[in-house]
Amino acid sequence: MSQLATHDLTVRFGGHVAVNGVTCAFEPGTLTAIVGPNGAGKTTYFNLISGQLRASAGRVSLGGRDLTHLPASARTRAGLGRAFQLTNLFPHLPVLENVRLAVQAATDGPHRRGRNLWSVWSDHRAVRERADAILHAVAMAGREHELVANLPHGDQRKLEVALLMALDPQVYMFDEPTAGMNAAEAPVILDLVRRLKADRSKTILLVEHKMDVVRELADRIIVLHNGTLVADGDPATVIASPVVQEAYLGIPADAGAVQGEGA
């Protein structure tokens, strides 16, 4: 099982340091919530890990392999799976085709040449069965032929989780997975995250503003403020810390209680 880690990870935009020397390791079998006020650097940190942004300094590694200079596509192949605040789907293709393409991308390799008609047919059937199973898991069975562009927002979010499941990554990265969803839709996504968490070989990172969700799902919380890691620990301890109390509840932190005061 592979450990994801960042080492002094930093990104600067001109004179602004958006992520400042963050060193952190994430173990398989653990769901880590990344919290902090708006502008704290949470999504930027995600972008650096998944390869949407190039780091100014520092490293990203998975299982000891340095991913720092790899593009996002190569990091996906290495085992990083990322869901965005905005859905990242093929809107003009049917639901099934979205999932089928993801399953096929995960199963096709560079050495699959010389296949005969039987193997092609067998592979096609296996891909379809895997896609059907994933759609059932995300409560979208029976909607295979609907165009993604016509789906409500909540169903598009479910489909994005389905695509991640099809890729079977080592690391699942969720950036506010219930953003824009109504009260009826959000529990479905959270239940999917719970089911993924049950696989102790997987590492899950979750950026989330809703502290009730964080309390329920997280094994660990890290707090970013102005791009700097200011708290890291179990949920009860971190939520009770002055840095989180001030950021989320407006309770002033003691001047000397936590380094990085003012999150």
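Numbers below:
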quantity: Single condition L89 does not satisfy, out of (1) in contact (Cβ under 8 Å) with a residue 24 or more places away in the chain; (2) surrounded by 15 or more Cβ atoms within 10 Å (Cβ to Cβ); (3) assigned to a helix (DSSP H, G or I); (4) not charged (D, E, K, R); calculated: (3)
quantity: Subset of region 21-46 [among the polar types (S, T, N, Q), at pLDDT 95 or above and either in a loop (DSSP other than H, G, I, E, B) or within 12 Å of the chain's Cα centre (by Cα) (or both)]; calculated: T30, T32
quantity: S2 vs. criteria crowded, with 17+ Cβ neighbours inside 10 Å and over 13 Å from T228 (Cβ atoms); calculated: yes
quantity: Unique residue being more than 17 Å from G81 (Cα to Cα), among the aliphatic types (A, V, I, L, M) and not in a loop (DSSP other than H, G, I, E, B) when the list is V193, V188; calculated: V188
quantity: Region 224-245: number of residues that are within 19 Å of G58 (Cβ to Cβ), touching a strand residue (DSSP E or B) at 6+ places or on another chain (Cβ under 8 Å) and part of a strand (DSSP E or B); calculated: 5
quantity: Selection count, region 154-178, where residues are buried (at least 18 other Cβ atoms within 10 Å of the Cβ) and either outside any helix (DSSP H, G or I) or among the small types (G, A, S) (or both); calculated: 12
quantity: Residues satisfying the stated conditions in region 5-20, i.e. crowded, with 21+ Cβ neighbours inside 10 Å, under 19 Å from the mean Cα position of the chain (by Cα) and among the hydrophobic types (A, V, I, L, M, F, W, C); calculated: L9, V19
quantity: Checking A106 against (1) farther than 27 Å from Q245 by Cα; (2) surrounded by fewer than 16 Cβ atoms within 10 Å (Cβ to Cβ); (3) out of contact with any strand residue (DSSP E or B) (no Cβ under 7 Å at 6 or more places or on another chain), the condition it does not meet; calculated: (2)
quantity: Only one of E144, E185 that is in contact with a His (Cβ under 8 Å, 6 or more places away or on another chain) and surrounded by fewer than 22 Cβ atoms within 10 Å (Cβ to Cβ); calculated: E185
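The values are calculated or read from the model by the stated rules, or taken from the named source; none is laboratory data. What you see is a predicted model, and the numbers here were worked out from it, not measured in a lab. For neighbour counting, all protein chains shown are included, and Cβ atoms are generated from backbone atoms with ideal geometry for every residue, glycine included.
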